[in-house]
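These notes concern the structure reproduced below.
The values are calculated or read from the model by the stated rules, or taken from the named source; none is laboratory data. Please read all numbers here as calculations on a predicted model, not as lab measurements. Note that each Cβ is placed from the backbone with ideal geometry, even for glycine, and that neighbours are counted across all protein chains shown.
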């Protein structure tokens, strides 16, 4: 009878080892996914395209609603740690800021120009 108990313990140990191996496999796959997403975000920051401003609207200031929506979208991207969207919206906000400064002038924007 001791052989039956030993066999049951061996079977239970084998099941526990199989479960531990499966959990380790899932953890490794999740870790690889995290590493790949991190690499994609890094590539997005390094290779982000420069956005050329639109010449025909350069002196026209964007609407206040547009500016607030862009800022809100950027803040949401920061909260969600979405680096690619942050880069895109950051470029857009830079362009919008330039358009605002061009439309209202440096004195009204309280900018010092040499």
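Under the condition of being at pLDDT 70 or above, in contact with a helix residue (DSSP H, G or I) (Cβ under 9 Å, 6 or more places away or on another chain) and in a helix (DSSP H, G or I), the residues counted in the stretch 46-74 number 6. Within the stretch 63-91, the residues that satisfy the criterion of being surrounded by 16 or more Cβ atoms within 10 Å (Cβ to Cβ), over 17 Å from residue 42 (Cα atoms) and in contact (Cβ under 8 Å) with a residue 24 or more places away in the chain are 67, 70.
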